[in-house]
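So the structure is just underneath, and the comments pick up after that.
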Amino acid sequence: MDGYALRHGDLSSQGSTTLAVTQRITAGDAPQPLITGSASRIFTGAPIPKGADTVIPQEQCTTENDHVTINANVRLGQHIRQAGEDIEKDSLFMQAGYRIQPQAMGLIGANGIASIPVFRRLKVALLSTGNELLMPGNELQDGKRYNANHFILTGLLQALGCEIIDLGTVRDELPATVKVLKEAASQADLIISSGGVSVGEEDHVKAAIEQLGSLDIWRLNIKPGKPLAFGQINDKPFFGLPGNPVSLFVTFCLFARPFTLRMQGISDVLPQAIKIRTQFSHTKNGTRQEYVRSRITTTESGTEVRTFGKQGSGVLSSTVWANSLTIIPPGTVIEPGDLVDVIPFNELIP
Ligand code: AMP
Ligand code: MG
């Protein structure tokens with residue numbers, strides 16, 4: 001606080017007090033001890049001189065001929081920040097397993113710590129499967145569609161601080177799929193593919209994994225995202241995410257993201273849902289747990305959540321409109337006004 005530092009005991013208990021100003025202390029100075037019965041001119045960020053215990057803001061003072069007059073209610077210790085007020089000496093203020101956010105970097109720096117041990121960046125191999133895929137920039141041809149998943153995964157993984165090994169698009173053929181997955185396992189810490197994990201004759205990812213390593217999880221009782229595969233190739237974890245872009249986005253956020261974070265050494269990785277009142281009804285009581293693209297809004301009447309009209313797993317625009325996923329457990333009917341579990345996107349992205 002810009003003002004005057006003094007000893008509270010030097011203020012008279014009634015009326016005003018006038019003290020000589022014997023020192024001027026600005027931020028960065030190393031002050032002399034306070035001369036008893038005097039005041040020090042002081043500025044925000046400056047250290048308090050030994051012997052002073054209170055600061056009076058300059059707005060509450062009048063000065064004349066190197067003397068300051070105080071006529072205000074003054075509390076002992078006011079406007080002084082104690083050393084250790086935020087973090088006590090020798091106390092633990094951050095633990096291993098913490099994902100370092102910018103504010104944490106500030107705290108580490110504020111404690112004079114110039115470097116800390118961190119995990120190296122994860123190398124993640126990415127591949128798309130599908131004979132129909134074209135990269136944007138090429139002219140659209142009959143039977144083809146542009147690759148969306150490559151960009152979803154690249155963006156999500158970049159935001160998680162991963163190094164991406166882009167293995168491009170592989171054709172829907174078993175030998176080609178085996179070859180590229182082998183290459184992925186030799187280069188990366190984690191392998192993520194899109195598409196080709198269903199049961200069709202043209203889906204070769206499952207067979208390739210079984211040939212090269214082990215398949216630990218295949219298919220989940222969720223919507224969207226049923227065709228999800230998880231396994232290992234040469235001890236490298238592998239996620240085979242569904243080809244439908246919405247399914248890919250949702251399964252990445254729910255499963256691959258926490259897994260990636262845990263591989264990065266982070267302990268607290270699971271997304272947290274919050275309870276919000278719905279503005280929608282959901283009467284189809286399905287057998288799979290649903291993750292509905294939804295938007296949380298807050299108005300004068302409170303916070304509520306509504307859903308995007310088209311919930312198809314190819315309707316990627318629903319994920320751009322949404323700011324959350326609303327969870328609908330299997331066999332549940334929802335009426336407007338019901339409380340539902342909602343995972344905000346800030347729990348899922350990045
Ligand atoms: P799949 O899981 O390979 O059977 O694909 C399911 C659906 O998602 C199909 O309609 C595919 O054309 C589509 N799809 C697969 N991969 C991609 C991709 N990378 N970008 C956009 N759509 C895709
Ligand atoms: Mg396919």
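For the pair Asp338 and Ile113, label points projected 7 Å from Cα toward Cβ lie 4.6 nm apart. About the centre of its Cα atoms, segment 61-162 shows a dipole size close to 480 debye [charges on the beta carbon of Lys, Arg (+1) and Asp, Glu (-1) only; nearest 20 debye]. Label point of Thr69 set 7 angstrom out along Cα-Cβ; within segment 37-59, amide nitrogens under 16 Å from it belong to 59.
Checking every one of the trypsin sites (Lys or Arg not before Pro) in segment 229-300 against DSSP loop status and a limit of 13 other Cβ atoms within 10 Å picks out Lys284.
Could you tell me the calculated FRET efficiency between Thr154 and Thr303, based on Cβ-Cβ distance and R0 = 30 angstrom, to the nearest 0.05? FRET efficiency, Thr154 to Thr303: 0.35. Between segment 88-147 and segment 275-337, the alpha-carbon centres lie 28 Å apart.
In this label model, Leu76 and Ala30 are separated by 3.0 nm, measuring between points 7 Å along each Cα→Cβ vector.
Relative to the dominant Cα principal axis of the chain, helix 149-159 is inclined by about 20°. When DSSP assigns beta bridges and you keep just the ones with both residues in the chain, what percent turn out antiparallel, to the nearest 5? Close to 60 percent. A dipole drawn for segment 1-149 from +1 and -1 charges on Cβ atoms has a positive end, and of Leu11, Phe119, Thr26 the residue lying farthest that way is Phe119. Rolling a 1.4 Å probe across the protein heavy atoms gives the chain an accessible surface of 55 Å² per residue.
Normalised by the number of residues in the chain, the average gap of Cα pairs under 8 Å and 6 or more apart makes the relative contact order 11 percent. Using a 1.4 Å probe over the heavy atoms of the protein chains, calculate the carbon and sulfur portion of the accessible area of segment 45-154 as a whole percent. C and S atoms contribute 48 percent here. Estimated from the Cβ-Cβ distance and a Förster radius of 45 angstrom, the FRET efficiency linking Gln272 and Asp2 is about 0.55.
Look at where the Cα atoms of segment 215-230 and of segment 33-72 average out, and the two centres are 69 Å apart. Rounded to the nearest 10 degrees, the angle from helix 174-187 to the longest Cα principal axis of the chain is 30 degrees.
Extension gain for Thr22 to Ala96 (0.36 nm times residue separation, less C-alpha to C-alpha distance): 21.8 nm. Toward the positive end of the charge dipole of segment 199-263, with +1 on the Cβ of Lys and Arg and -1 on the Cβ of Asp and Glu, the farthest Cα among Pro242, Leu261, Gln232 is that of Leu261.
Taking the Cα centre of segment 1-111 as origin and assigning +1 to Lys and Arg Cβ atoms and -1 to Asp and Glu Cβ atoms, the resulting dipole is close to 160 debye. Once you sort the root eigenvalues of the Cα gyration tensor of segment 239-309 as a ≥ b ≥ c, which label holds: rounded (a/c under 1.5), prolate (a/b larger than b/c) or oblate (the other case)? Cα axes put segment 239-309 in the oblate bin. From its DSSP helices (H runs of at least four residues, each -39,500 (n - 2.57)), the chain gives a residue-normalised ellipticity at 222 nm of -5000 deg cm²/dmol. As a rough guide to protection, the peptides 145-158, 15-28 ranked by mean Cβ packing within 10 Å, highest first, stand as 145-158, 15-28. Charge dipole of segment 21-70 (Cα centre as origin; +1 on each Lys and Arg Cβ, -1 on each Asp and Glu Cβ, all else neutral): 140 debye, rounded to the nearest 20.
The values are calculated or read from the model by the stated rules, or taken from the named source; none is laboratory data. Computed from a predicted structure; not experimentally measured. In this analysis, Cβ positions are derived from the backbone assuming ideal geometry, glycine residues included, and neighbour counts consider all displayed protein chains. Only protein heavy atoms, including side chains, enter the accessible area calculation; ligands, DNA and RNA are left aside. Shrake-Rupley method; radii C 1.70, N 1.55, O 1.52, S 1.80 Å.
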